[in-house]
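K.L.:
This is the structure I have questions about; it appears just below.
The values are calculated or read from the model by the stated rules, or taken from the named source; none is laboratory data. The model shown is predicted, which means the values in this text are computed figures rather than measured ones. Backbone-built Cβ (ideal geometry, glycine too); neighbour counts: all protein chains shown.
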């Protein structure tokens, strides 16, 4: 996942709206407008009953929140801010009606049509800007980073050793805080140890921590910044680099096209095309069943679905790429030969980039349908 030393560092800086004040009380049926850099256009929600703009904002920023339906039933959590409803860019009011009704005993009745498989669009130019710098991001660590003592995902800080420039403009001066973390690159491989790399996630510009996506590629003294054992002493100077903008865009487009191609191959019962979506060491994590390891076993599992005569519709809702890894999150529907709905639920796919292109590395899904309770067997 390391970039070539000659590669320009590109930082994606997302503008973050700051809420200076919020009303302590909101009257019923008041319009509440929200923005999020991962949600196209912003949205308007009507606060009803005991709801307030503040309570809806707290819900949207709670990563564990489920059960309510705001902003077109968005799954985006975190990063939401209140905005001015007088802004003409705001969307028309969103209702609180869920897109998917909880199925009754006859699950095939009254099901909605599937929307387009196009994912949410990227932030507009007014919400984000791409800044190029001719040199890597140089960070001096505030403390020692050691894979033996630091857990994966634990946040660590450092300081810019020199000004972060864009042309002749100083984006962030030397001494600005940079946040980074150890990230596992091996995931959970049976019989083997973990491997890690160091990724920068944010840099302090003014009073705001702005998202950054950069990977450590070198440290003073030839110290390793990736692998099974990482130990970077306090005070070390570490260089971070990111992908070129055109490459990142191409990688994201490759993942965006996956849903339509996947459904096309499944509908054609093209077992070779279906199997080619998966890495040789891919793992399926189906609900209520053991994990399925490897492309050959995955091929057999897909063949079983063909025999069952099922049709599957998938819809990507979130897509992101970081280096040679990416993820897709969305929802699916499974239908029988007569078109009746058999199941619906959600999924997450982890994709990895190889010499042959992007392939699915891990695939997990689970149903959103509550199983029927056998009253006769209840204790």
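K.L.:
Please give the number of the condition residue 266 fails out of (1) surrounded by 15 or more Cβ atoms within 10 Å (Cβ to Cβ); (2) modelled with pLDDT under 90; (3) more than 23 Å from residue 343 (Cβ to Cβ).
P.N.:
With respect to (1) surrounded by 15 or more Cβ atoms within 10 Å (Cβ to Cβ); (2) modelled with pLDDT under 90; (3) more than 23 Å from residue 343 (Cβ to Cβ), residue 266 is out only on (3).
K.L.:
Quick one: in the stretch 273-290, which of the residues that are surrounded by fewer than 16 Cβ atoms within 10 Å (Cβ to Cβ) and within 21 Å of residue 368 (Cβ to Cβ) is nearest to the chain's Cα centre (by Cα)?
P.N.:
285
K.L.:
Still on this structure, I have one more. Please go through the stretch 189-236 and pick out each residue that is farther than 30 Å from residue 362 by Cα and either at pLDDT below 85 or surrounded by fewer than 17 Cβ atoms within 10 Å (Cβ to Cβ) (or both).
P.N.:
The answer is 205, 206, 207, 208, 209, 220, 221, 222, 223, 233, 234, 235.
K.L.:
Name the single residue that is nearest to the chain's Cα centre (by Cα) among those in the stretch 263-272 being assigned to a helix (DSSP H, G or I) and without any contact (Cβ under 8 Å) to a residue 12 or more places away in the chain.
P.N.:
264
Residues are listed down the side, and each one gets a yes or a no for (1) surrounded by 18 or more Cβ atoms within 10 Å (Cβ to Cβ); (2) modelled with pLDDT of 90 or more; (3) in the same structural domain as residue 254 (by TED's automatic domain parsing); (4) touching a helix residue (DSSP H, G or I) at 6+ places or on another chain (Cβ under 8 Å):
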| position | (1), (2), (3), (4) |
| --- | --- |
| 306 | no, no, yes, yes |
| 315 | yes, no, yes, yes |
| 323 | yes, no, yes, no |
| 329 | no, yes, yes, no |
| 333 | yes, yes, yes, no |
| 338 | no, no, yes, no |
| 345 | no, yes, yes, no |
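K.L.:
Taking only the stretch 134-163 into account, find how many residues are in contact (Cβ under 8 Å) with a residue 60 or more places away in the chain, assigned to a loop (DSSP other than H, G, I, E, B) and surrounded by 14 or more Cβ atoms within 10 Å (Cβ to Cβ).
P.N.:
5
K.L.:
Out of (1) in contact with a strand residue (DSSP E or B) (Cβ under 7 Å, 6 or more places away or on another chain); (2) within 28 Å of residue 241 (Cα to Cα), what's the single condition that is false for residue 353?
P.N.:
Every listed condition holds for residue 353 apart from (1).
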